[in-house]
Amino acid sequence: MSWYSAISRLLLLLAISAALGWMYGYAREAVIVALLGWIGFWLYQMRRVLVWLNNPGEMPPDAYGSWGELFARIYFYQRKSSQEQARLQSSVEYLEDSFAAMRDGVLMVDKQGAIKWLNRAVEPLLGLRYPDDTGQTLTNLVRSPEFNEYFLARDYTKPLQYLSVGEGRAIYLRVDITRFGEGERLLFIRDVSSEVRMEKIRRDFVANVSHELRTPLTVISGYLSTFLENSQELPQRYVKPLEQMDQQAQRMENLLKDLLWLSRIESEQREDDRDLVDIRGLLQELRDELDEAYPEAQIVLDIETDDKVYGDYRQLYSAASNLAINAIKYSANNHPVTLGWKAQDDSLLLQVRDRGIGIDASHIPRLTERFYRVDDSRNSATGGTGLGLAIVKHVAVAHGASLRIESKLGVGSTFTLVFPKRH
Ligand code: ADP
């Protein structure tokens, strides 16, 4: 609007000056003078804009017409953007305040791996200085190779837990990393020493109780066996109860054996006793053992690869054996149990397949819990301990594998240990 009126004002000015000039015989000169005056006025206004923009916070200069409108608009956008900036600043400060007050260590690291911001809690955990270490490369300051390897590998799907040893103290740290923005990373660091200690106490307790119970149980079983060996000397009415006692003592022994084995797997360090394990040989050995222990079962080997897995032979054997014994226990005799070993894409699959009773889908997510049973009455008949799949799950985790369970009631089940292939 005002731009059109500025044009019309210019045209009016030119017309008047041309008319006045014409009256005195200098029409062209008068138009030139008027134009120069107009340009001079515009230059003057432009200068005022620049001077004003160089002094932020000042009110806009007074002006009329299109210049006045221009000043008003610039002033409006200026105020809007500074309000927006203040709002953003206060959100950033709010976030920084809340991170600063956290008991967990919080670190922000940029794309290049330099520390952008850290809170005070990081100081004792990673041995950094608050806030002086801002701007430094994180991996140059943290001494732990485990931390640095995890940080640089850029795979943060699982948190890192590691033992940090430094000046007279050893603490367990848990590190969670989230990516944000354009390659920036947000790190949460927590001291989990007390959780780790509690977990160790729990494990030790279970292991100690199991261990202590074994001796009296061995004595009881020993006497029971002796009684039963000489059962003809006993009054007949005692034989059946003694047989039942012997059976239950056997179950208890199996339970203690499984509990001890489970706590041993749990406490074994991940990389201890690791070797390349020949799964073909392992499954052949297992088949021979099962053929002897369960002569009526049909065990079939289905081995398609000679790939080996880096791991602990005894643990892998116990996992495969638990799966195979379950498959035998929960199938009819004339249904074969297949022990498979194959390569698929980037994985190696150790598979135990049966055509047995199957498991309802609702139970599958809970099967690996300790003592979880699908049906108690059925299990007392099969004499299981309820710890078999918990052991399998643990072995899987300790080998970086996952346990996949597929099953259909009345059709059969397939339990697969999925190992990532090493390149
Ligand atoms: P258990 O010693 O009772 O067999 P597990 O932990 O090995 O304990 O198995 C948990 C439960 O999962 C079993 O009680 C059984 O109900 C079910 N299960 C495991 N394997 C199979 C299978 N191959 N077919 C059917 N059910 C199974």
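The values are calculated or read from the model by the stated rules, or taken from the named source; none is laboratory data. Given the structure is predicted, the values throughout are model-derived calculations rather than measurements. All Cβ positions, glycine included, derive from the backbone under ideal geometry; neighbour counts span all protein chains shown. For accessibility, only protein heavy atoms count, side chains too; no ligands or nucleic acids. Shrake-Rupley method; radii C 1.70, N 1.55, O 1.52, S 1.80 Å.
Have a look at the DSSP beta bridges in the range 231-383 and tell me what percent are antiparallel, nearest 5. Taking every DSSP beta bridge with both residues in the range 231-383, the antiparallel ones total about 70 percent. Evaluated at q = 0.15 Å⁻¹, the base-10 log of the normalised Debye intensity for the chain, with identical point scatterers placed on the Cα atoms, takes the values -1.35. Could you tell me which GluC sites (Glu not before Pro) in the range 127-171 are loop residues by DSSP with no more than 11 other beta carbons within 10 angstrom of their beta carbon? Passing sites in the range 127-171 are Glu167. Taking all protein chains into account, the per residue accessible area for the chain stands at 63 Å² (1.4 Å probe). When shorter helices are ignored and each DSSP H run of at least 4 residues is given -39500 (n - 2.57), the per-residue value for the chain at 222 nm works out to -18000 deg cm²/dmol. For a modelled paramagnetic label at Asp155, 7 Å from Cα along Cα-to-Cβ, the residues of the range 165-193 in reach, with backbone nitrogen under 16 Å, are 177.
Tally up the carbon and sulfur contribution to the accessible surface of the range 196-267 as a whole percent, 1.4 Å probe, everything protein left in place.
On the way: 3020 of 5150 Å².
Reported share for carbon and sulfur atoms: 59 percent.
Would you count, across the chain, every pair of lysines whose alpha carbons are under 26 angstrom apart, provided the pair is eight or more residues apart or spans two chains? Count of close lysine pairs: 23.
Within the accessible surface of the range 275-420, defined with a 1.4 Å probe on protein heavy atoms only, the carbon and sulfur portion equals 48 percent.
Split the accessible area of the range 1-146 by element, probe 1.4 Å, and carbon with sulfur accounts for 62%.
Between the range 392-423 and the range 318-335, how many Å separate their Cα centres? Taking the Cα centre of each part, the range 392-423 and the range 318-335 sit 15 Å apart.
With contacts defined as alpha carbon pairs under 8 Å and 6 or more residues apart, what's the relative contact order of the chain in percent? List each step's numbers first, then the result.
Values: 555 pairs, mean separation 34.9, N = 423.
Value for the chain: 8 percent.
Can you give me the Kirkwood hydrodynamic radius for the range 275-420, using every pair of distinct Cα atoms, in Å to one decimal? After inverting the mean inverse Cα-Cα distance, the result is 15.3 Å.
At full extension, His335 and Tyr130 could sit 67.1 nm farther apart than now, given 0.36 nm per residue minus the alpha carbon distance. Segment His363..Asp97, full-extension length gain: 91.2 nm, with 0.36 nm per residue of separation and the alpha-carbon distance subtracted. What whole-number distance in Å separates the alpha-carbon centres of the range 180-197 and the range 288-305? Cα centres, the range 180-197 to the range 288-305: 47 Å. The relative contact order of the range 102-191, computed from alpha carbon pairs under 8 Å that lie at least 6 residues apart in sequence, is 31 percent. Shown here for the range 28-128: GluC sites (Glu not before Pro) in loop regions (DSSP other than H, G, I, E, B) with at most 11 other Cβ atoms within 10 Å, namely Glu58. Stretching Arg214 away from Val397 to a fully extended chain increases their span by 63.1 nm, per 0.36 nm per residue minus the current alpha-carbon distance. Compute the signed sum of charges (Lys and Arg +1, Asp and Glu -1) over the other residues within less than 14 Å, Cβ to Cβ, of Leu36. Every neighbour counted, the sum reads 0.
The distance linking the range 210-227 with the range 24-45 is 119 Å (Cα centroid to Cα centroid, whole angstrom).
What is the Cα convex hull volume of the range 120-186 when expressed per residue in Å³?
Working: hull volume 6.6 nm³, N = 67.
Per-residue hull volume (Cα only) is 98 Å³.
Enclosing the Cα atoms of the range 196-267 in their convex hull gives a volume equal to 69 cubic angstrom per residue.
Relative contact order for the range 273-317 using alpha-carbon pairs under 8 Å, separation at least 6, rounded to a whole percent?
Working: 42 pairs, mean separation 28.0, N = 45.
Relative contact order, the range 273-317: 62 percent.
Inter-label distance, Val51 to Lys240: 11.6 nm, where each label sits 7 Å from its Cα along the C-beta direction.
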